[in-house]
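To start, the structure itself, in structure tokens.
The values are calculated or read from the model by the stated rules, or taken from the named source; none is laboratory data. For clarity, every value in this text was computed on a predicted model and none was experimentally measured. Cβ: placed from backbone, ideal geometry, glycine included. Neighbour counts: every protein chain shown. To get the accessible areas, we keep the full protein, side chains included, count just its heavy atoms, and leave off ligands, DNA and RNA. Shrake-Rupley method; radii C 1.70, N 1.55, O 1.52, S 1.80 Å.
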Amino acid sequence: MLEQRIRERRQTLEEFTEYAETFAREHGEPGTLGLRHLQRLASGRGTGGKPLGPVRPATARLLERIFDESIDDLLAEPSNPVPSSEVTSGRSQLNAGQLPSTTGTALQEHSTNAGLETACDWLDQRARWSSRTAEQQVRSQLAQSPLTDLHDWHAQRAKAGRSQLVDALSDYYGPAETRRNTYHVRCDDREIATSIVTRPDWLDLACPLTPDNDRLTFTTTTSDHAAPGEFDATRAVDRLTEAAALDVQVSNEPLYRLLDIDIKPGSIDGTVSLVPFVEYALTTDLLESELIKTISSDSGAQRHNLPLRDRYLPDLASVLDLPGRLCAGGTLALCAIARPASPYRGEADYALLVQQRSNQVINAAESLAVIPKGFHQPLKEFRADASVGVTLRRELEEELFGRSEVDSTAGPQRIAAPMHPSRLSEPMRWITEHPECVRTECTGFGFNLVSGNFEFPALIVVEDEEFWKQYGGQLEANWETAGLRLYSSADRDLMNELLSDESWSNEGLFAMLQGIRRLSALGDERVDLPAVDPAMQA
């Protein structure tokens with residue numbers, strides 16, 4: 001019925017999400033409605049074709065006010081179902097494990113994952129295939145591979161422990177060389193190693209993410225090596241098949257590509273250009289799944305068979321060769337929000353936010369990470385958005401404060417300035433208006449051997465309890481998160497247990513450990529966290 005009511009309004013799903021955002025803002029409703037969420041509600045299916053779960057109360061109330069009907073009625077089957085040929089943008093046949101069989105029908109018209117059509121077109125051009133060849137190959141693989149097999153692979157991928165990845169990479173690059181160049185720490189009574197290539201002078205930056213210190217600059221000039229060498233079209237088709245079957249989101253919004261970097265305590269300098277997201281997703285980002293498949297293999301010989309890694313990142317020198325490779329990446333932050341004392345929790349502390357990533361994200365799926373976490377990419381202005389802090393504020397607004405209109409994967413955006421002060425959420429407006437109460441710092445820098453990505457870990461500290469009192473109940477993770485957890489900055493034992501969890505992504509653990517180290521160094525009485533001491537050699 002929901003889909004039918006939207007059609008009766010002569011709106012597409014995209015147009016209705018924009019209307020719903022405006023309605024919520026004008027009527028004081030806290031509910032949000034992103035495009036993918038609406039598509040699932042309209043199709044009656046959740047992620048991967050699973051039954052639709054309970055609708056969040058704020059979202060249900062928003063829809064009920066718009067249509068003046070109960071949410072149960074809106075999600076019921078219509079008495080006169082909408083013919084599939086008349087649906088402007090609706091049910092995802094991809095969730096059922098198959099692409100539309102109608103010849104010449106674009107994926108974008110039938111899928112919640114509109115970027116797949118663009119990705120297939122890009123693959124046709126890159127592989128020098130005739131038009132629609134990639135789409136036909138994806139269809140063929142979906143028809144031959146039971147959906148349960150693809151779900152089994154996704155589950156196997158999620159079970160690969162973080163330490164297993166670190167050990168496999170150490171074996172590939174050489175244990176001694178890897179240990180000298182990767183981030184490992186002494187955390188209370190144990191040692192933790194990661195896959196993050198870094199240096200002592202790239203750690204403990206304490207760099208405020210302000211224009212004076214956060215100085216990545218954008219250039220339209222790229223290096224001579226614009227694409228990552230020989231291309232594996234077969235692996236790319238496999239990736240698109242997985243995305244189609246499991247509703248993994250693929251978008252072709254541009255990413256920032258790192259060309260050079262100059263990191264010092266208190267300052268970030270460097271140069272970025274642009275690369276299409278699809279080019280990254282179908283080339284260097286395949287390194288993660290290749291590594292996990294070799295770890296899962298029963299064959300000892302197979303575990304050393306990493307042809308993509310041999311091609312893209314054969315040694316540690318190639319990791320640092322930014323002009324010679326495609327290096328995309330992002331930023332992620334440990335959020336610490338001051339809370340008053342509680343009779344149940346104890347003395348005043350900071351709430352530390354940890355997420356379990358959704359199975360729909362393109363990398364680190366179902367892993368633990370800090371939040372927010374996102375790719376470094378422009379929203380509207382290539383040059384103005386190049387600073388790390390710009391991406392971090394946008395991700396905070398999107399992933400915790402419910403602003404779906406700043407989600408780059410939600411489809412075309414017609415808003416000229418989504419981060420204009422007049423459009424900010426109430427929590428973000430409070431943060432903007434109280435800069436003396438908020439500390440936002442970059443805590444380090446490194447390259448992740450799992451994917452080759454650059455990583456900017458950060459710490460966001462809201463030091464005034466008033467923020468928690470006003471907005472603590474409005475913090476709600478978006479579709480990229482399968483679950484959100486809170487930990488107390490005063491609970492050292494529980495934090496030690498958390499840091500031992502093998503579900504962490506390496507970049508997530510890097511950001512968490514560096515965030516803990518910096519938060520402890522600030523000397524706040526709210527903090528009793530494990531001692532984190534980097535063991536790297538200068």
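Scanning region 362-373 for residues that are modelled with pLDDT under 95, closer than 25 Å to R257 by Cβ and open to solvent by 10 Å² or more (accessible area, probe 1.4 Å) gives I362, N363, A365, S367. Within the set Y350, Y344, the sole residue that is aromatic (F, W, Y) and modelled with pLDDT of 95 or more turns out to be Y350. Has region 79-99 got any residue that is in contact with a His (Cβ under 7 Å, 6 or more places away or on another chain) and modelled with pLDDT under 80? Among the residues of region 79-99, at least one is in contact with a His (Cβ under 7 Å, 6 or more places away or on another chain) and modelled with pLDDT under 80, which makes the answer yes.
Inspect region 131-141 for any residue being at pLDDT 65 or above and within 20 Å of E253 (Cβ to Cβ) and give the result as yes or no. Yes: one or more hits.
In summary, E177 fulfils each of the numbered conditions (1) under 19 Å from D310 (Cβ atoms); (2) modelled with pLDDT of 95 or more with the single exception of condition (2). Report yes if V390 is buried (at least 18 other Cβ atoms within 10 Å of the Cβ) and under 30 Å from S520 (Cβ atoms), otherwise no. Yes.
On inspection, D491 passes the criterion of being touching a Leu at 6+ places or on another chain (Cβ under 9 Å) and among the acidic types (D, E). Taking into account only those residues within region 1-20 that are under 25 Å from S422 (Cα atoms) and modelled with pLDDT under 85, which is least open to solvent (accessible area, probe 1.4 Å)? Only one residue fits best here, namely L13. Scan region 441-450 and give yes if some residue there is touching a Ser or Thr at 6+ places or on another chain (Cβ under 6 Å), modelled with pLDDT under 95 and aliphatic (A, V, I, L, M), otherwise no. Checked against the condition, which is being touching a Ser or Thr at 6+ places or on another chain (Cβ under 6 Å), modelled with pLDDT under 95 and aliphatic (A, V, I, L, M), region 441-450 yields no hits at all. Checking R414, R393 one by one, the residue that is part of a loop (DSSP other than H, G, I, E, B) and among the basic types (K, R) is R414 and no other. The single condition among (1) assigned to a loop (DSSP other than H, G, I, E, B); (2) modelled with pLDDT under 50; (3) in contact with a helix residue (DSSP H, G or I) (Cβ under 7 Å, 6 or more places away or on another chain); (4) open to solvent by 20 Å² or more (accessible area, probe 1.4 Å) that Q108 does not satisfy is (1). Being more than 18 Å from the chain's Cα centre (by Cα) and more than 23 Å from P276 (Cβ to Cβ) holds for only one residue in G389, G346, G402, and it is G346. Restricting attention to region 433-451, the residues that are in a strand (DSSP E or B) and either charged (D, E, K, R) or open to solvent by less than 20 Å² (accessible area, probe 1.4 Å) (or both) add up to 8. Considering only residues in region 452-501 that are of a type in the set (S, T, N, Q) and in a loop (DSSP other than H, G, I, E, B), the one that is nearest to G329 (Cα to Cα) turns out to be N453. Of everything listed in (1) surrounded by 19 or more Cβ atoms within 10 Å (Cβ to Cβ); (2) within 23 Å of L116 (Cβ to Cβ), the single unmet condition for I268 is (2).
Annotation note: of P435, P457, the sole residue that is free of Cβ contacts under 8 Å to residues at least 40 places away in the same chain and out of contact with any His (no Cβ under 8 Å at 6 or more places or on another chain) is P435.
Looking only at residues of region 174-199 that are of a type outside the set (K, R), more than 27 Å from the chain's Cα centre (by Cα) and open to solvent by 30 Å² or more (accessible area, probe 1.4 Å), we find that the one that is nearest to T432 (Cα to Cα) is D188. For region 416-432, taking the residues that are in contact (Cβ under 8 Å) with a residue 12 or more places away in the chain and open to solvent by 30 Å² or more (accessible area, probe 1.4 Å), the one that is farthest from C207 (Cα to Cα) is identified as A416.
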